[in-house]
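Enquirer: Sharing a structure here in structure tokens format.
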Amino acid sequence: MPIDLSIVGESIPVLLKGLRITALVSLIGIPLGMLIGTLAAYAAQSRTPLRPIALGYVELVRNIPFLILVYLSFFGLPKIGVPASAMTVAIGCTAFYTGGYFCEILRAALQSVPRGQSSAALSLGMTYWQTQRHIVVPQLFGFLIPPATSLIIMMFKDTAIFSVMSLPEMTYQSNLLTANTFAYLEVLGTTALIYWLCSVLMASIGRRLETAARRSTHQT
């Protein structure tokens with residue numbers, strides 16, 4: 001049976017409408033998760049009571065499937081008196097999950113910077129945060145960007161899970177289209193192509209940022 005290109009053409013505007021929701025969740029949830037992960041990474045490296053909390057948070061993210069986290073949030077929060085829309089749950093779960101993985105990415109990047117440099121800076125009278133700002137952080141990006149780019153792409157694709165909450169993102173829209181047309185190959189193939197193109201674009205940006213970061217490190 002030949003591919004019906006007319007269905008492909010009709011499905012693209014609907015899928016792009018869903019892509020706007022997918023992008024909105026990603027643009028809010030992923031940066032928020034990176035902020036949470038940054039705080040967790042520094043807490044995990046500290047000698048404060050926050051260290052076991054940060055490490056426990058990472059283990060929680062590692063060991064609970066994303067879909068289960070979404071179900072627990074969507075159905076569990078109202079049970080304890082916390083009303084939450086599908087969009088709120090989507091952004092919150094994206095941030096929570098991104099933060100756990102970004103914490104470990106940042107911790108690995110921090111450990112890639114030779115400790116002798118930090119020790120030398122501290123011995124010269126710089127404070128801890130001055131050392132981080134002027135010595136450690138400028139060297140992080142070359143180590144940080146490749147795995148962070150992979151994480152961003154992974155979390156962008158995982159927004160498809162939010163279709164189970166009837167959030168009208170791209171996968172949900174594709175489910176509606178296939179239910180109406182039964183054109184699974186045309187609709188799902190187009191959906192996959194859009195996800196792939198977005199992922200390729202993000203990977204390309206990540207490579208450019210990595211190249212720029214490494215050039216900057218070598219120049220300094």
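The values are calculated or read from the model by the stated rules, or taken from the named source; none is laboratory data. Everything numeric in this text was worked out from a predicted model, so none of it was measured. Reconstructed Cβ throughout: ideal geometry from the backbone, glycine too, with neighbour counts over all protein chains shown. The protein model used for the area step is the full one, side chains on, heavy atoms only, and it has no ligands, DNA or RNA in it. Shrake-Rupley method; radii C 1.70, N 1.55, O 1.52, S 1.80 Å.
Enquirer: Subtracting the Cα-Cα distance from 0.36 nm times the residue separation, let me have the gained length for ALA179 to VAL164 in nm, one decimal. Don't skip to the answer; put the middle values down first.
Expert: Values: separation 15, 0.36 × 15 = 5.40 nm, distance 1.49 nm.
Answer, rounded to one decimal: 3.9 nm.
Enquirer: Give the calculated FRET efficiency between SER46 and MET202 to the nearest 0.05, with a Förster radius of 35 Å applied to their Cβ-Cβ distance. Let's see the in-between values first.
Expert: Values: r = 32 Å, r/R0 = 0.91.
Efficiency computed from Cβ-Cβ geometry: 0.65.
Enquirer: Per residue of the chain, what 222 nm ellipticity follows from adding -39500 (n - 2.57) for every DSSP H run with n ≥ 4, rounded to the nearest 500?
Expert: On the way: 9 runs with 179 residues, N = 220.
Roughly -28000 deg cm²/dmol at 222 nm, from the helical runs in the chain.
Enquirer: Something else about it: Accessible area of TRP196, 1.4 Å probe, to the nearest 10 Å²?
Expert: Using a 1.4 Å probe on the heavy atoms, I get roughly 150 Å².
Enquirer: Taking a ≥ b ≥ c as the square roots of the eigenvalues of the Cα gyration tensor of the range 121-214, is the shape rounded (a/c under 1.5), prolate (a/b larger than b/c) or oblate?
Expert: Details: a/c = 7.04, a/b = 2.90, b/c = 2.43.
Prolate.
Enquirer: Take each complete run of DSSP H in the chain, measure how far its Cα atoms stretch along the helix's own axis, and keep only those covering 24 Å or more with mean Kyte-Doolittle hydropathy at least 0.0; list them. Don't jump to the answer; show the numbers that get you there.
Expert: Values: long enough: 5-45 (56 Å, 1.44); 86-112 (39 Å, 0.89); 137-158 (30 Å, 1.16); 184-219 (52 Å, 0.29).
Flagged H segments are 5-45, 86-112, 137-158, 184-219.
Enquirer: To continue, here is another question. Which value in nm describes the separation of the simple spin-label points at THR38 and SER150, placed 7 Å from the Cα toward the beta carbon?
Expert: Computed distance between label sites THR38 and SER150 equals 2.3 nm.
Enquirer: Go through 95-104, 2-11 and give me the packing order, highest mean Cβ count within 10 Å leading.
Expert: Ranked by mean Cβ neighbours within 10 Å, highest first: 95-104, 2-11.
Enquirer: Moving on. On full extension of the chain, what length is gained from SER123 through LYS79, given 0.36 nm per residue of separation minus the C-alpha to C-alpha distance? Present the calculation step by step, with values, prior to reporting the outcome.
Expert: On the way: separation 44, 0.36 × 44 = 15.84 nm, distance 5.39 nm.
Net length gain for the segment: 10.4 nm.
Enquirer: Output the relative contact order of the range 1-149, whole-number percent, from Cα pairs under 8 angstrom with separation of 6+ residues.
Expert: Details: 122 pairs, mean separation 43.3, N = 149.
Relative contact order here is 29 percent.
Enquirer: Additional query: Just to verify a number: FRET efficiency for SER112 and LEU72, C-beta to C-beta distance, R0 = 25 Å, to 0.05? Present the calculation step by step, with values, prior to reporting the outcome.
Expert: Numbers: r = 35 Å, r/R0 = 1.38.
Efficiency at R0 = 25 Å is approximately 0.15.
Enquirer: Then there is this: If Lys and Arg each add +1 and Asp and Glu each add -1, what is the summed charge of the other residues whose beta carbon sits under 13 Å from the beta carbon of SER26?
Expert: Working: positive: ARG20, LYS157; negative: ASP158, GLU169.
Once all neighbours under 13 Å are counted, the net charge is 0.
Enquirer: Also, I was wondering about something else. Considering only the other residues whose Cβ falls under 11 Å of the Cβ of GLU186, what net charge follows from Lys and Arg at +1 and Asp and Glu at -1? Intermediate values should be presented prior to the final figure.
Expert: Working: positive: none; negative: ASP4, GLU10.
Summing Lys and Arg as +1 and Asp and Glu as -1 gives -2.
Enquirer: How compact and how long is the chain, expressed as Rg and Dmax of its alpha-carbon atoms in Å?
Expert: So, for the chain, Rg and Dmax equal 21.0, 74 Å respectively.
Enquirer: Here is a further query. Just the accessible area per residue of the chain, please: how many Å² with a 1.4 Å probe?
Expert: Working: 12580 Å² over 220 residues.
Per residue, the chain has 57 Å² of solvent-accessible surface.
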